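See structure below.
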Amino acid sequence: MHGPPHINRRHLLGGGLALIAAAASGCALPVGFGSSQTRIRYWHFLGASDGITMNGMVNAFGKENPDVFVEENVLQWGEPYYTKIAMAGAGGRSPDLATFHLARLAGIGAGRILDPIDTKLLEEAGLKAADFSPPIWERAHLDGVLYAVPLDAHPMVQYYNTDVCEKAGLLGADGKLRPTTGVDELIAMLTKAKEAMGGKPPLTMDALGLGTVGPWRVWYSLYGQSGGTLLTPDNTAIAIDDAKALEALRLMQRLGQEGLCDPRTDYGASVAKFTNGEAAFLWNGDWEITGLKERGTPFSMTRFPSVFGSGAAQADCHAFVLPHQRSRDPEIERATYRFIAYLVRNSADWAVAGHVPAYLPALEEPEYLALDPQSEYRSVITEVALDPQAWFAGSASRMWIEFGEAFSPVISGERSPEQGLAAAKASLNRLLSAPNPFPAEDAEERS
């Protein structure tokens, strides 16, 4: 499906895709008086290829369910989106459904800003707990209450240039990158690629720049592989294992010192380098796949390297939530659950953009298994390294940015691993001592 060009997930799109959806389905906005359709108001932040894919799925749902009209509104990605959700939820005048980053649950006032998921209605629509990745399903709960329905995981992955890797002798007989285990094998792989590239750094990543979160994503993947945690189980105190944390940081610094990665690249430059064949490997989230295909880059993808024990990779997840409403229309509510179930059951279509379905049956569907290279890293779905359930965690959060600022100079060698860890811990202590903007509140107070 072709959509409007140059859509960026961080740009305000207003209701643009909603209008596109209406035009494509022959519907008008809003549903007119006397219409027999049930209207679902749906907010999300999905832009670029994600937005186009979601818009196509919304249209497909409308064709199969002509009694329901989904009013799709696309808002600015990041902090502005969550601020708008919080304001709407606090006033009880929210949309019927919203897309959310799962790691943001604890930071948005679940139980106040968000309403719980009705598990009976969810099962009535055909979804049950056993259908989902266990760690992701568990993280969709707060204090034992389900507040989100997971759609996917978008983990850190390893993109590789097939031409460069073939020249370096790194591909197997099947044309796929040979897996590496441990530090020595990883360094050996990168060294061979560096030699094949005439001494240029073979690895690129988001390592530098204002608001960079790449160093956090890489570190949390490596640290998570050794079983490291950030906070105590009650999320009130730091529980970082210094030895494991420093082991990950020392590897990150080694990559910069030995010329195996370029510590001077920001997000855009890292993607451009890989796209243009100036790097053999890109460590990034799985969402760059569509752009690379459109530009004709010879590439494939695999799981983030297994270095310190497990194959864990930092990830967040897209999920569906119900922003708080003072009262819900039963007919709209049931239609909303039908819509959620449709999107989840058809998440093989959603996976075209690179994300891994959290709905386990989708991982076995022929349509998904035929996706190349999307299906190559699907096994990570049960080994995702997710954020702790703290109000200051999650995508576009201060924690991600401040950890990125602490670790970026470690990669470049301007700061020792010990100094980087100290800076990250100081930041975490500040966040822990800051007041939670969504304190606990009795249910009666918000009714």
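The values are calculated or read from the model by the stated rules, or taken from the named source; none is laboratory data. None of these values were measured; they are calculated from a predicted model. Here the Cβ positions follow ideal geometry from the backbone for every residue, glycine too, while neighbour counts run over all protein chains shown. Ligands, DNA and RNA are stripped out before the accessible areas are found, and what is left, the full protein with its side chains, is counted by its heavy atoms. Shrake-Rupley method; radii C 1.70, N 1.55, O 1.52, S 1.80 Å.
Does THR119 count as open to solvent by 10 Å² or more (accessible area, probe 1.4 Å) and either in contact with a helix residue (DSSP H, G or I) (Cβ under 9 Å, 6 or more places away or on another chain) or within 14 Å of LEU146 (Cα to Cα) (or both)? For THR119, the condition - open to solvent by 10 Å² or more (accessible area, probe 1.4 Å) and either in contact with a helix residue (DSSP H, G or I) (Cβ under 9 Å, 6 or more places away or on another chain) or within 14 Å of LEU146 (Cα to Cα) (or both) - is met. Which pairs have Cβ atoms under 6 Å, sit 6 or more apart or on different chains, and link a residue in the stretch 171-187 that is under 29 Å from ARG250 (Cα atoms) to one that is in a helix (DSSP H, G or I) and open to solvent by 90 Å² or more (accessible area, probe 1.4 Å)? Within 6 Å, no pair qualifies. Scanning the stretch 319-356 for residues being out of contact with any Ser or Thr (no Cβ under 9 Å at 6 or more places or on another chain) and free of Cβ contacts under 8 Å to residues at least 40 places away in the same chain gives a total of 3. Going residue by residue through the stretch 348-355, is there one that turns out to be on the phi > 0 side of the Ramachandran plot and either part of a helix (DSSP H, G or I) or of a type outside the set (A, V, I, L, M, F, W, C) (or both)? Yes, the conditions are met somewhere in the stretch 348-355. On inspection, LYS63 does not qualify as at pLDDT 50 or above, surrounded by fewer than 22 Cβ atoms within 10 Å (Cβ to Cβ), under 30 Å from LEU431 (Cβ atoms) and among the basic types (Lys, Arg).
Taken together, the residues in the stretch 250-274 that are under 23 Å from the mean Cα position of the chain (by Cα) and assigned to a helix (DSSP H, G or I) amount to 9. Would a scan of the stretch 389-406 turn up a residue that is free of Cβ contacts under 8 Å to residues at least 24 places away in the same chain, open to solvent by 30 Å² or more (accessible area, probe 1.4 Å) and either of a type outside the set (Gly, Ala, Ser) or not in a helix (DSSP H, G or I) (or both)? Looking through the stretch 389-406, none of the residues is free of Cβ contacts under 8 Å to residues at least 24 places away in the same chain, open to solvent by 30 Å² or more (accessible area, probe 1.4 Å) and either of a type outside the set (Gly, Ala, Ser) or not in a helix (DSSP H, G or I) (or both).
Contact annotation: residue pairs with Cβ atoms under 9 Å, 6 or more positions apart or on different chains, pairing a residue in the stretch 284-304 that is assigned to a helix (DSSP H, G or I) with a partner that is open to solvent by less than 40 Å² (accessible area, probe 1.4 Å) and acidic (Asp, Glu), are TRP287/ASP50; THR290/ASP50. Among the residues making up the stretch 214-252, those that are under 21 Å from SER408 (Cβ atoms) and acidic (Asp, Glu) are ASP242, GLU247.
Of all residues in the stretch 141-163, those satisfying the criterion of being of a type in the set (A, V, I, L, M, F, W, C) and crowded, with 23+ Cβ neighbours inside 10 Å are ALA148, VAL149, LEU151, ALA153, MET156, VAL157. Inside the stretch 312-345, can you point out the residues that are in a loop (DSSP other than H, G, I, E, B) and either on the phi > 0 side of the Ramachandran plot or crowded, with 20+ Cβ neighbours inside 10 Å (or both)? Correct list: ALA312, CYS317, HIS324.
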